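Below you'll find the structure, written out as structure tokens, and then a few comments.
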Amino acid sequence: METIVAISTSAGVGGIGIIRMSGEKSFEIISKIFKRKNNDFKANTINYGKIVDNESGEIIDEVLVSFFKSPKSYTTEDMCEINSHGGYIVMQNILDLCIRNGARLAEPGEFTKRAFLNGRIDLSQAESVIDIINAKTNKERAMSIKNLQGELSKEIKEIKEILLNIMVDIEANIDYPEYDVEEVSNKKAKENLQKAKEKLKKLEKSFENGKLIKEGIKVAIVGRPNAGKSSLLNAFLREERAIVTEYEGTTRDTIEEFISIEGIPIKIIDTAGIRETSEKVEKIGIEKSKKMIEDSDFVIAIFDKSKDLNEEDYKILKLIKEKKGVIVLNKKDLKEKLKIEDFKNTGKDIIEVSILKRDGIEKISENLIKKFKINEINIENETIITNSRHKQLIIEASKQIDKAIETIDINMPIDIIAVYIKESVECLSEITGENVSEDIISSIFKKFCLGK
């Protein structure tokens with residue numbers, strides 16, 4: 001394979017930057033531009049020296065270079081990583097030098113792609129690398145690390161072994177009928193197929209939790225102007241993110257921020273107060289608020305406890321009628337005009353708070369935890385899938401098993417059973433990359449950043 005090179009650290013100014021190079025010419029190229037007292041290098045060592053333009057003799061930077069000898073490297077190829085100062089010009093000059101001396105610029109994710117193609121990791125492990133990079137919470141990071149270490153691969157392998165053992169018995173009976181080979185017991189085959197299906201169903205069900213951990217919950221805070229929406233956002237964030245004044249209509253657009261609750265990323269969206277208005281900009285904001293209610297997973301509807309319900313409040317109740325959510329009665333420290341009984345027919349939990357005094361706010365988080373069963377998610381003792389590609393392949397593998405069981409039930413020939421089992425195995429092999437098209441591989445690694 002060609003020798004590839006890329007800047008692996010993010011753009012911008014930093015203490016250090018890393019330029020990564022992999023391929024059979026890596027050591028040859030680095031030897032032309034890396035100068036130190038002793039020009040010999042040892043594998044798996046870090047060496048101090050200078051990057052020098054081998055044409056002009058100009059010193060580009062003082063660096064540390066790590067050498068990794070095949071197969072003991074990230075890609076299993078000869079690799080080196082140049083640790084330079086973290087300025088854009090410095091790193092770009094070093095990158096250009098590597099390219100001028102025989103490397104080519106790597107494609108997004110090409111280092112990890114080579115790790116996959118060279119057999120160091122399977123495809124599901126490669127996909128977990130991008131999940132680690134994009135992790136928004138420690139729980140998501142920990143789950144992705146487990147999959148990088150092969151937890152999902154191990155589960156898939158165990159299911160495939162169950163199916164392949166059935167196939168071995170079937171093939172023996174088909175290929176050697178003249179020998180005294182014991183016929184596959186339909187009962188035994190069906191039991192093992194059910195066992196494989198149960199494991200697949202468990203993995204499929206885990207996607208609900210996996211999606212929560214990976215994508216999080218979109219929470220819209222809605223209410224009429226000055227009900228306390230922006231104050232609640234600030235309380236969740238523990239900072240003055242949104243402007244809060246005594247004037248109505250301060251929030252003209254949605255404000256979105258992430259928080260973490262029990263390791264689950266929560267996107268909190270502060271919306272414009274919903275009311276009738278002729279003001280053009282505010283009107284646009286209100287329409288966006290209504291759209292956010294539709295798109296959200298959970299709605300926190302805030303009502304001012306010190307004011308009577310009006311037409312705007314009733315419109316908000318109508319908008320959130322079919323949504324999962326909670327009703328929050330704010331300003332319980334003031335003289336009340338609203339009572340819990342006024343909202344009994346909404347079918348939603350009702351929480352009384354004083355956002356100003358930070359009283360009762362934790363009950364909103366507790367309600368969210370309860371509604372999504374967040375505290376029941378256990379990443380320590382179960383394999384959780386987060387990838388929709390994996391989920392669809394698991395569903396298809398399960399369907400093929402159902403067809404195999406149905407074939408047994410109607411006493412079809414055993415070679416027909418084998419067809420469906422083989423289809424199921426091939427679906428599972430697509431997850432780990434043993435049976436996957438080049439187009440799928442390319443689309444997966446295009447999601448990676450340069451240098452990974």
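Derivation of every value follows stated rules applied to the coordinates shown; laboratory data play no part. Predicted model, so just to flag it, every value in this text is computed and none were measured. Cβ atoms come from the backbone with ideal geometry, glycine included; neighbour counts cover every protein chain shown.
For this structure, a couple of remarks:
- For the pair the range 326-361 / the range 59-134, the C-alpha centres are spaced 55 Å from each other.
- 31 Å Cα-Cα threshold exceeded, pairs from K146/K348; K318/K363; K318/K391: K146/K348; K318/K391
- Computed over the range 100-168, Kirkwood Rh from alpha-carbon pairs, angstrom: 14.0 Å
- Taking the DSSP bridge list for the chain and keeping only pairs wholly inside it, about 60 percent are antiparallel.
- Karplus-based coupling profile of the range 6-13, in residue order and whole Hz: 6, 7, 9, 8, 5, 5, x, 8, with θ = phi - 60° in 6.51 cos²θ - 1.76 cosθ + 1.60 and x standing for Gly or Pro.
- When you filter the GluC sites (Glu not before Pro) in the range 322-351 for DSSP loop state and at most 11 other Cβ atoms inside 10 Å of their Cβ, you are left with E322.
- Residue range of the chain that is longest and free of chymotrypsin sites (Phe, Trp or Tyr not before Pro) which are both DSSP loop and sparsely packed (at most 15 other C-beta within 10 Å): 248-452
- Residues of type aspartates and glutamates that K399 reaches as a straight line, Cα spacing below 13 Å, ignoring anything fewer than 8 places off in the same chain: E198, E204, E423, E426
- Kirkwood estimate for the range 4-106, i.e. one over the average of 1/r between Cα atoms, Å: 13.3 Å
- Here the chain is treated as a Stokes sphere of Kirkwood radius computed over C-alpha pairs; at 10 °C and 1.306 mPa s its diffusion coefficient rounds to 60 µm²/s.
- The local environment of E204, defined by Cβ-Cβ distances under 14 Å, has a net charge of +3 under the rule Lys, Arg +1 and Asp, Glu -1.
- Computed on the Cα atoms alone, the convex hull of the range 289-413 gives a volume of 192 cubic angstrom per residue.
- G14 long-range amide H proximity, modeled H, under 5 Å: G86, G87
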